[in-house]
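> Quick one: structure below, then a few questions.
The values are calculated or read from the model by the stated rules, or taken from the named source; none is laboratory data. Just so it is clear, the model here is predicted, and its values are computed rather than measured. Here the Cβ positions follow ideal geometry from the backbone for every residue, glycine too, while neighbour counts run over all protein chains shown. Quick note on the areas: whole protein, heavy atoms, side chains included, nothing else; ligands and nucleic acids left out. Shrake-Rupley method; radii C 1.70, N 1.55, O 1.52, S 1.80 Å.
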Amino acid sequence: MTAFSVDPWDPGYAAALAAEAFSELGATSAELVLDVERPAGDWKPVTPGPGARAPETLLVADGVRRIDARVWVDDPDAAMPMPGIAASYAAGIVRCGPDGAELADIEVHRALISASPYTPEVKTAHADYRPGRAADSTVEELSLALQRQVTQLEVDLSVRHRGMADDLLLVDGPLRGRGHLPRTIGYIKTHHTAYLPPAQSAVVSSLAPGQRTPVFLMGTSWRRHAWYVRLPAHSPTPWAGIVRCEASADLDPAEAAGLADAVTLALPPLAGVDYKDPRAPQNLVPIGGLEKLLRHHLGDARLLYRALRTASRG
């Protein structure tokens, strides 16, 4: 009988490890420097030593976005109206410390985004949409323009709530746009690209819960320190419980390794559990709770859609 295993993530989500990444392990155009912490030929799982400690305070930042309507913006300089999006987005901060986790802040913004310089501010009966600019009218650029606004809101909230000298900021997703923030870690749950060659990928597969790989440098037009961590997982599927962490490339190797140890100690107690979260364990409990709360704060999508249609006629 042929053996098989079932991916622990809810099938409504993409798999934690994309099939194309797994089948083409080692294929990447990214520049890699593997011997940052250990020689590339001497890679093995790293367990944080007795001198390592988790941060006293872990700040978790996340943001959500939703397109409320596809719109067309009248532009007197163009032959026809230009496409755009009306979107709601929110970001929040959760503070995790010795006494548990607490919500530090939430902000909700709304934007009308298009490539037209005539993009108006739209006031509806239920919400106001501020104008935002995209570089062009493609679907991809409109989405990127929205994501830049989400990222900037996360940065603004993070800067506002940094206080303690030994706190650590964890941002859900790649570090892009936030690498200048001190003691900041990007947290990637889903693996779309296999960055490591086969020998080092085998070290990832051999990690026990609470262990990490050595730190390495990676990048193309960007550069970041990175490492993989395994969270507690009860599944034999490929890379079960594996997440990738990123830190600024400006850190020296010792600083990067120190951050890697600190976050490796901090993450396992926060791992999601499968009976509560369809993306456990990678979707950390603070991230899952914050995402749910942020989506609630976006408001009723149907109500906002009707309000936008009414405003467009008025």
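> What is segment 122-195 by shape, rounded, prolate or oblate, if you read a ≥ b ≥ c off the alpha carbon gyration tensor as root eigenvalues and call it rounded for a/c under 1.5, prolate for a/b larger than b/c, and oblate otherwise?
Details: a/c = 2.67, a/b = 1.37, b/c = 1.95.
It is oblate, given that a/c is not under 1.5 and a/b is not larger than b/c.
> Find which of 51, 283, 213 sits farthest along the positive direction of the dipole of the chain, computed with +1 on the beta-carbon of Lys and Arg, -1 on that of Asp and Glu, about the Cα centre.
283
> Once amide H atoms are placed 1.01 Å from N in the peptide plane, what residues at a sequence separation of 5 or more from residue 132, or on another chain, have their amide H within under 5 Å of its amide H?
The list, which skips near neighbours in sequence, is 112, 113, 114.
> Further question: Around residue 119, what is the net charge, scoring Lys/Arg as +1 and Asp/Glu as -1 over all other residues with Cβ under 9 Å from its Cβ? Present the calculation step by step, with values, prior to reporting the outcome.
On the way: positive: 133; negative: 75, 121.
Value of the local net charge: -1.
> With angles folded into 0 to 90 degrees, how steeply does helix 253-266 sit against the dominant principal axis of the chain? Use alpha carbons for both and round to 10.
80 degrees
> Just subtract the alpha-carbon distance of residue 234 and residue 33 from 0.36 nm times their residue separation and send over the number in nm, one decimal. Each step should come with its number before you reach the end.
Working: separation 201, 0.36 × 201 = 72.36 nm, distance 3.19 nm.
Contour length minus Cα-Cα distance gives 69.2 nm.
> Here's something else I'd like to know. Please report the spacing between the Cα centers of segment 171-208 and segment 288-306 in Å, no decimals.
What the calculation gives is 29 Å, centre to centre.
> Can you give me the solvent accessible area of residue 176 with a 1.4 Å probe, rounded to the nearest 10 Å²?
Solvent-accessible area, nearest 10 Å²: 140 Å².
> Same structure, new question: What whole-number value in Å² describes the accessible area per residue of the chain for a 1.4 Å probe?
I get 49 Å² per residue for the chain.
> Test of understanding: what is the full-extension gain from residue 140 to residue 313, defined as 0.36 nm times their sequence separation minus their Cα-Cα distance?
Extra length from residue 140 to residue 313 when fully extended: 59.5 nm.
> Say R0 is 22 Å: what FRET efficiency, to the nearest 0.05, do residue 156 and residue 176 get from their beta-carbon distance?
Efficiency for this residue pair is about 0.90.
> Kindly provide the pair-distance distribution of the chain built from C-alpha pairs, with 20 Å bins from 0 and whole-percent values in order of increasing distance.
Calculated P(r), rounded to whole percents: 30, 53, 17, 0.
> Provide the per-residue ³J(HN,Hα) series for segment 231-248, in order, calculated from phi with Karplus coefficients 6.51, -1.76, 1.60 and θ = phi - 60°, each as a whole number of Hz, with x at glycine and proline positions.
8, x, 9, 10, 7, x, 5, x, 6, 4, x, 8, 10, 10, 10, 10, 9, 4
> Now a separate question. First measure r as the distance between the Cβ atoms of residue 301 and residue 130, then evaluate 1/(1 + (r/R0)^6) with R0 = 25 Å and state the FRET efficiency to the nearest 0.05.
Numbers: r = 19 Å, r/R0 = 0.74.
E between residue 301 and residue 130, to the nearest 0.05, is 0.85.
> Once the Cα atoms of segment 82-145 are picked out, what are the Rg and Dmax in Å?
16.0, 52
> Measure off, as a whole percent, the carbon and sulfur share of the 1.4 Å-probe accessible area of the chain, all protein chains present.
55 percent
> Would you work out the charge dipole size for the chain about its Cα centre, treating the Cβ of every Lys and Arg as +1 and the Cβ of every Asp and Glu as -1, and quote it to the nearest 20 debye?
Computed charge dipole of the chain: roughly 620 debye.
> How much of residue 239 can a 1.4 Å solvent probe reach, expressed as accessible area in Å² and rounded to 10?
About 20 Å², rounded to the nearest 10.
> Percent relative contact order of the chain, based on C-alpha pairs within less than 8 angstrom and at least six residues apart?
Reported relative contact order: 25 percent.
> Taking N as the number of residues in segment 176-314, what is its Cα Rg relative to 2.2 N^0.38 Å?
This ratio for segment 176-314 stands at 1.31.
> Based on the alpha-carbon gyration tensor of segment 66-181 and its eigenvalue square roots a ≥ b ≥ c, which shape applies: rounded if a/c is under 1.5, prolate if not and a/b is larger than b/c, or oblate?
It is prolate, given that a/c is not under 1.5 and a/b is the larger ratio.
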